[in-house]
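Working notes, beginning with the structure itself.
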Amino acid sequence: MRSILRRLRPETPSVSKRERLRASIGALVGILVTALIGSLAVGLGPALPAIIAPMGASAVLLFAVPASPLAQPWSILGGNTVAALVGVVAAILIDNPFLAAAGAIGVAIGLMMTLRCLHPPSGAIALTAVLGGPAIHDLGYGFVVWPVLGNSLALLTLALIFNNLTGRSYPHRVKQAPVDHGTRDPAPIQRIGFSSEDLDEVLKEYDEFLDIDRDDLESILRRT
C-alpha cells in the first residue's frame, strides 16, 4: 500500500516558505485585478462574464511555476486563443454537446502542440465554449475576444510585472553561469559527461513533452 501511495504522490522538490508565499500573493493579486479590470470593461451583469474560471488554472502556472514552458506568454495567449476558437467552432458545427466537447479538446491539444503553445487551462476554455450555456453561446466568436483574450492579456501583464518585481525572470530565461575562465576553451561545466547534442538526441528518443525548459534541464544535469 505504501508503495502504491508513493507512486500516486509526485516527487516534487520542496520550495521555501518565501516562494510559497510569493506565488500565493501573486495569484491573489493577479486574479483580483483581472476580475476588477473585467468588471470595469463589461460591468457585473450575467450576460458577459468579467472573468472565467480557467483563469484560475492559468494563475497557478503563471505565478507558481513561471519557469514552466506551459506558463510562457505565447503559451497562455496562443493556447487560450486557439482553444477558444476551436471550442466556438465545435459548438456551432456539432449538435451533440458531448461530441462537441470531446472534439474541441482533441483538436485544441493537437493545434497547441503543433503551434508550441501548450497551456493546460486552455482545455477548460475549449470546454467552456461548448458547455458554457446560452450566455456563452450567444457571444459566438466574440467569446474569443472577451472574456478569453481580455482576461489572458490582463493576467499575463500582471504576471510580467509581479514576477519580475519579486525576483523571478519572466518570460523565463535560463540563468547562465559565468564562463570567463581566462581561455577560449569551453567552461568546465560544459565539459562534463555529455554534450548538448547528446541531450537533444535523448530528448528526441524520449518523445514526450517535459514540463521543464530544455536549457534548464541541461543546466541542472551539468550542475548535478
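The values are calculated or read from the model by the stated rules, or taken from the named source; none is laboratory data. Remember, predicted model here, so these are calculated numbers, not experimental data. Here the Cβ positions follow ideal geometry from the backbone for every residue, glycine too, while neighbour counts run over all protein chains shown.
Note on region 26-43: among residues that are touching a residue at least 40 places away in the same chain (Cβ under 8 Å) and in contact with a Phe, Trp or Tyr (Cβ under 9 Å, 6 or more places away or on another chain), the one that is surrounded by the most Cβ atoms within 10 Å (Cβ to Cβ) is Gly30. Yes or no: Thr114 in a helix (DSSP H, G or I), on the phi < 0 side of the Ramachandran plot, surrounded by fewer than 21 Cβ atoms within 10 Å (Cβ to Cβ) and modelled with pLDDT of 95 or more? Judged against the criteria, Thr114 is a match.
Could you tell me whether any residue of region 92-104 is at positive phi and surrounded by fewer than 18 Cβ atoms within 10 Å (Cβ to Cβ)? The answer is no; no qualifying residue exists.
Out of the helices (runs of 4 or more DSSP H) lying entirely within region 127-224, which hold 3 or more residues that are loosely packed, with under 13 Cβ neighbours inside 10 Å and modelled with pLDDT under 90? It would help to see each step written out before you state the result.
Details: elements: 134-139, 150-165, 196-206, 214-223.
So the answer is 196-206, 214-223.
Might you check whether a residue that is without any contact (Cβ under 8 Å) to a residue 12 or more places away in the chain, loosely packed, with under 10 Cβ neighbours inside 10 Å and not in a helix (DSSP H, G or I) occurs anywhere in region 46-53?
Keep residues of region 46-53 that are without any contact (Cβ under 8 Å) to a residue 12 or more places away in the chain, which gives none.
Within region 46-53, none of the residues are without any contact (Cβ under 8 Å) to a residue 12 or more places away in the chain, loosely packed, with under 10 Cβ neighbours inside 10 Å and not in a helix (DSSP H, G or I).
As a summary of the residue check, Gln72 satisfies the conditions (1) closer than 24 Å to Gly30 by Cβ; (2) modelled with pLDDT of 95 or more; (3) buried (at least 21 other Cβ atoms within 10 Å of the Cβ); (4) touching a helix residue (DSSP H, G or I) at 6+ places or on another chain (Cβ under 8 Å) except for the one numbered (4).
Condition (residue is under 14 Å from the mean Cα position of the chain (by Cα) and polar (S, T, N, Q)) applied to region 81-93: is it met by at least one residue? Taking every residue of region 81-93 in turn, at least one turns out to be under 14 Å from the mean Cα position of the chain (by Cα) and polar (S, T, N, Q).
Confirm whether Ser75 is polar (S, T, N, Q) and in contact with a Cys (Cβ under 8 Å, 6 or more places away or on another chain).
Values: polar (S, T, N, Q): yes; in contact with a Cys (Cβ under 8 Å, 6 or more places away or on another chain): yes.
Judged against the criteria, Ser75 is a match.
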